[in-house]
Amino acid sequence: MANEKNSKKDIQVRLRRIEGQVKGIEKMMESNICCKDVLVQVAAVRAAINKVGALILQNYAKECMGDKKDSDYEAKIDELVATLTMFMK
């Protein structure tokens, strides 16, 4: 449970940082900053969002998959694969 709280806190911190990056991009656009520099920041936000998604998926796999002995383990694997597929689009 403590690990889950640390993961949630880490994700929240990362999301706040991303929010700040997005606001920075908005200011860059208002200030007519070079498009190349704006695109570098957009790429950084995209990478940060992907990392947050990966952390959430990691937490999902650890916390929600259960034990191989569970009767619905196969269904949970299918659900995880579907979630990963959705995330990768």
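Results for (1) farther than 25 Å from residue 6 by Cα; (2) open to solvent by 50 Å² or more (accessible area, probe 1.4 Å); (3) among the basic types (Lys, Arg); (4) touching a helix residue (DSSP H, G or I) at 6+ places or on another chain (Cβ under 6 Å), shown as yes or no for each residue.
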residue: 47; (1), (2), (3), (4): no, yes, no, no
residue: 51; (1), (2), (3), (4): no, yes, yes, no
residue: 62; (1), (2), (3), (4): no, yes, yes, no
residue: 72; (1), (2), (3), (4): yes, yes, no, no
residue: 75; (1), (2), (3), (4): yes, yes, no, no
residue: 79; (1), (2), (3), (4): no, yes, no, no
residue: 83; (1), (2), (3), (4): no, no, no, no
residue: 89; (1), (2), (3), (4): yes, yes, yes, no
Taking the options 9, 69, name whichever one is of a type in the set (D, E, K, R) and assigned to a loop (DSSP other than H, G, I, E, B). 69
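Limited to region 12-32, what total is found for residues that are of a type in the set (A, V, I, L, M) and either at pLDDT below 95 or open to solvent by 100 Å² or more (accessible area, probe 1.4 Å) (or both)? Steps first, answer last, please.
So in region 12-32, the residues of a type in the set (A, V, I, L, M) come out as 13, 15, 18, 22, 25, 28-29.
Pick out the ones that are also either at pLDDT below 95 or open to solvent by 100 Å² or more (accessible area, probe 1.4 Å) (or both) and you get 29.
Here the count works out to 1.
If you go through region 12-60, how many residues are assigned to a loop (DSSP other than H, G, I, E, B) and hydroxyl-bearing (Ser, Thr, Tyr)? Show your work before the answer.
Going through region 12-60, the residues assigned to a loop (DSSP other than H, G, I, E, B) turn out to be 31-34.
If we keep only those that are hydroxyl-bearing (Ser, Thr, Tyr) as well, we get 31.
Going through region 12-60 one residue at a time, the tally reaches 1.
The values are calculated or read from the model by the stated rules, or taken from the named source; none is laboratory data. Since this is a predicted model, take the numbers as computed values, not measurements. Note that we place each Cβ from the backbone using ideal geometry, even for glycine, and neighbour counts take in every protein chain shown. Protein only, heavy atoms only, side chains kept; ligands, DNA and RNA dropped before computing areas. Shrake-Rupley method; radii C 1.70, N 1.55, O 1.52, S 1.80 Å.
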